[in-house]
1. Would you mind finding the one in LYS115, LYS56, LYS165 that is of a type in the set (Lys, Arg), at pLDDT 95 or above and not in a helix (DSSP H, G or I)?
2. Kindly provide the set of residues from segment 10-23 that are surrounded by fewer than 24 Cβ atoms within 10 Å (Cβ to Cβ) and among the β-branched types (Val, Ile, Thr), ordered by number.
3. Taking the condition surrounded by 16 or more Cβ atoms within 10 Å (Cβ to Cβ), closer than 20 Å to LYS92 by Cα and of a type in the set (Lys, Arg), does LYS32 pass?
4. Looking for something in contact (Cβ under 8 Å) with a residue 40 or more places away in the chain and of a type outside the set (Ser, Thr, Tyr) - is there at least one such residue anywhere in segment 217-229?
5. Going through PHE67, PHE112 one at a time, which residue ends up being within 19 Å of LEU213 (Cβ to Cβ), among the aromatic types (Phe, Trp, Tyr) and crowded, with 17+ Cβ neighbours inside 10 Å?
6. If you check every pair at least six apart or on different chains, which have Cβ atoms under 6 Å apart with a residue in segment 156-179 that is among the acidic types (Asp, Glu) first and a residue that is outside any loop (DSSP other than H, G, I, E, B) second?
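The values are calculated or read from the model by the stated rules, or taken from the named source; none is laboratory data. On a predicted model such as this, the values are computed, not experimentally measured, just so you know. Virtual Cβ from ideal backbone geometry, glycine too; neighbours counted across all protein chains shown.
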Amino acid sequence: MSNTLVVTTYDEERYFLEVQVRSIAKYLSPCKLVYIYCDSSNNYTEWLSWFETHLKPLIPHHTVSTFDSSYFYDTSKISGSKQWYSLACMLKIYASRVVSDKDYWDLDSKYFFFKPCSIQDFKEVYPYDMSDSEWMPCVEFHQNKFSINTTVFKPNVHPYKFNTKICEELSAMIDESDFWGGEHFDDVFSYQSYCISKGYELTPGECSDNNSLVTADLGKYYTINQMLSVMKSRDKDVKVTGIHRRVCMAQLNKTTFDALISAVGGRELIAQSTDWLFD
């Protein structure tokens, strides 16, 4: 049984991360939390001081571990935002090296909880044919990497469940091929592609949606009230929500963001110790 949640994060999403940690304190049953810092500033020491001073005390009943990206990979090899993005995806696979459970779940720092739940309540979404979807360039990248033909995948939505042993194998493969740079590397598609190429049985999906994130596309067309309606999903399988960084930059300020967070998850979730960076 998995009781581990892995979160990769970076400096620009500190405000999001505080909201997430506050939501964990309010809504998520005690579990093991693994936070991995991945930022081109290489500012882990300062980030860790901030995290341990302001965020870790909020979740005393959870078991918390923190790591710098350099613990898993030589970050001196990384250059450019696309490679840093790829590394952030790879770290979700590398996290297997510090997880003791058979499986673990991954969640980006832009998500937060808004319903009482435990990790055992999480569900994966159903796979579908990606042939005509926006994911197809990513699918083609992984088809070439793993010499597979299928276009049926679970999409890159979170929470997502990984088998620890399989990810350890995959991380060794990534090491052997050195760094997989490029804009189409993805943890979810890489994991599924590796399983398909090795004949490992993938877990089936259990639901149509497992989050109610307001994405950039939704934010472009949705009013504040419509965003609120999307986020406050009544779907029993949806435990987490959030607002994408690009939506914040294009449409929201701290006041409107905090109002949405408060309306969806409660005032306790509003960040108190972190600067708003999206104006």
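1. On the way: LYS56 fails: not in a helix (DSSP H, G or I); LYS165 fails: not in a helix (DSSP H, G or I).
Result of the check over LYS115, LYS56, LYS165: LYS115.
2. none
3. Numbers: surrounded by 16 or more Cβ atoms within 10 Å (Cβ to Cβ): yes; closer than 20 Å to LYS92 by Cα: yes; of a type in the set (Lys, Arg): yes.
Here the answer is yes, as LYS32 does meet what is asked.
4. Checked against the condition, which is being in contact (Cβ under 8 Å) with a residue 40 or more places away in the chain and of a type outside the set (Ser, Thr, Tyr), segment 217-229 yields no hits at all.
5. Numbers: PHE67 fails: within 19 Å of LEU213 (Cβ to Cβ).
Every option except PHE112 fails the conditions.
6. Going by the 6 Å Cβ cut-off, the qualifying pairs are GLU168/SER96.
Residue-by-condition table, conditions (1) within 20 Å of ASN163 (Cα to Cα); (2) in contact with a Leu (Cβ under 7 Å, 6 or more places away or on another chain); (3) of a type in the set (A, V, I, L, M, F, W, C):
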| site | (1), (2), (3) |
| --- | --- |
| GLN20 | no, no, no |
| THR45 | no, no, no |
| THR66 | no, yes, no |
| CYS89 | yes, no, yes |
| PHE122 | yes, no, yes |
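Conditions tested, residue by residue: (1) under 30 Å from SER147 (Cβ atoms); (2) buried (at least 16 other Cβ atoms within 10 Å of the Cβ); (3) touching a strand residue (DSSP E or B) at 6+ places or on another chain (Cβ under 7 Å).
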site	(1), (2), (3)
LYS198	yes, no, no
GLY205	yes, no, yes
TYR221	no, no, no
GLN226	no, no, no
MET231	no, yes, yes
LYS236	no, no, no
VAL247	no, yes, yes
ALA250	no, no, no
